[in-house]
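Asks: Dropping a structure here in structure tokens format, bear with me for questions.
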Amino acid sequence: MLAGTIIKAGSPFSASITVKNRGTQAGSPGILRVWADQRATQDCAAPGDADISLANLPAGAKQVVRIRLPAGSAGYKTLRAFVDNQCETAEHNETNNQVSKSYRVFAQPIADFAVTAITLTPNRPTAGGTFSADVTVKNRGTAPGNAGTLALWVDQPDVPACGTAGDATLPVGILAAGASRTLTLDGLPAGAAAVKSLRAFIDAACVSAEAYDGNNQWVKPYTVAP
């Protein structure tokens, strides 16, 4: 697991790597070798960017190793870890000794827009009536950026794609790094009585590059009363 969501070019970053003995007896995991960017499966004793010597692990036990690595230049990269890198311990399964994780290094500080809260008024709308939604958005990144448009659906359990038309929209504009803003969308149609999923999507047209796009949408279940 990589620590944090924003890794900047030229700066070190942290990674936590879990090693587990899935066998039925204790054994030596030997050397854990790590590469900051290595897509290809490596051979025994192939040189890496960092080595950690591990102590014997009982059957079923695990150890978490934390390591610092250089991010290097900007781009999409692959972190690779190889336990028992010297291949000195006989195992019943050698195919799970290596694991890789894709990540991105950013050339400069970058924005990261997120929906952080939704409040409805009234909290339990009445069928056939209208209600309001207060949606709080935040720039969790390290640079200001254009948060684009906030789109909202009164009942959308599925994840809409960028540019999908919402039931209501509001322009958001520039958000400073660390800044939050609450936007109110009034006159939303409650529709028929049912349990529904209100969905909000910041930068709904996906016009801005962000450190992480997985937090741009938030779903709030609510009930429309008869």
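Coordinate-derived values only; no laboratory data. Please read all numbers here as calculations on a predicted model, not as lab measurements. For neighbour counting, all protein chains shown are included, and Cβ atoms are generated from backbone atoms with ideal geometry for every residue, glycine included.
Asks: Got a sec? How would S180, S16 order by Cβ neighbour count within 10 Å, fewest to most? All intermediate terms of the calculation are to be shown ahead of the outcome.
Replies: Numbers: S180 14, S16 11.
Listed from fewest to most nearby Cβ atoms, that is S16, S180.
Asks: Further question on the same structure: Within a Cβ distance under 9 Å of L198, other residues only, what is the Lys/Arg minus Asp/Glu net charge? Please report the intermediate quantities before stating the final value.
Replies: Details: positive: K196, R199, K220; negative: D155.
Around L198, the charge tally is +2.
Asks: Let me ask something else about it. If you place +1 on the Cβ of every Lys and Arg and -1 on the Cβ of every Asp and Glu, how big does the dipole about the Cα centre of the chain come out, in debye to the nearest 20? Before the final figure, lay out the partial values.
Replies: Values: 19 positive and 17 negative charges, 77 e Å.
About 360 debye.
Asks: Going by average Cβ density within 10 Å per residue, which order do the peptides 21-28, 35-42 take, highest to lowest? Intermediate values should be presented prior to the final figure.
Replies: Working: 21-28: 13.2, 35-42: 16.2.
Ranked by mean Cβ neighbours within 10 Å, highest first: 35-42, 21-28.
Asks: Just want the ordering: I174, I118, from fewest to most Cβ atoms lying within 10 Å of their own Cβ.
Replies: The fewest-first ordering by Cβ neighbours comes to I174, I118.
Asks: Let me ask something else about it. Taking every pair of alpha-carbon atoms in segment 47-151, what share in percent sits in each 5 Å bin, from 0 to the bin with the longest distance?
Replies: Percent of Cα pairs in each bin: 2, 7, 12, 13, 10, 9, 9, 8, 8, 8, 6, 4, 2, 1, 0.
Asks: Semi-axes of the equivalent ellipsoid for segment 113-224, please: Cα gyration tensor eigenvalues, times 5, square-rooted, ordered largest first, whole Å.
Replies: Equivalent ellipsoid semi-axes, largest first: 25, 13, 11 Å.
Asks: A follow-up question, please. When we measure straight from the Cα of K20, which lysines land under 20 angstrom away, once same-chain ones fewer than 8 places off are left out?
Replies: By straight Cα distance, K20 reaches K62, K101.
Asks: Still on this structure, please answer the following. Using the Kirkwood radius built from alpha carbon pairs, what does the Stokes-Einstein equation give as D for segment 7-106 at 20 °C and 1.002 mPa s, in µm² per second? Working shown, then result.
Replies: Details: Rh = 14.1 Å.
Answer, rounded: 152 µm²/s.
Asks: Hey, with R₀ at 41 Å, roughly what FRET efficiency would D51 and A165 work out to, going by the Cβ-Cβ distance, to 0.05?
Replies: Values: r = 53 Å, r/R0 = 1.30.
Using R0 = 41 Å, I get an efficiency of 0.15.
Asks: Still on this structure, I have one more. Over all distinct Cα pairs, what is the inverse of the mean 1/r for the chain, reported as the Kirkwood hydrodynamic radius in Å? Walk me through the numbers before you get to the answer.
Replies: Working: mean 1/r = 0.0484 Å⁻¹.
Evaluated on the chain, it is 20.7 Å.
Asks: Relative contact order for the chain: what is it in percent, counting Cα pairs under 8 Å that are at least 6 residues apart?
Replies: Working: 573 pairs, mean separation 44.2, N = 226.
Dividing the mean separation by the residue count of the chain yields 20 percent.
Asks: Could you work out Rg/(2.2 N^0.38 Å) for segment 82-134, with Rg from alpha carbons only?
Replies: Numbers: Rg = 25.8 Å, N = 53, 2.2 N^0.38 = 9.9 Å.
Relative to the 2.2 N^0.38 Å estimate, segment 82-134 comes out at 2.60.
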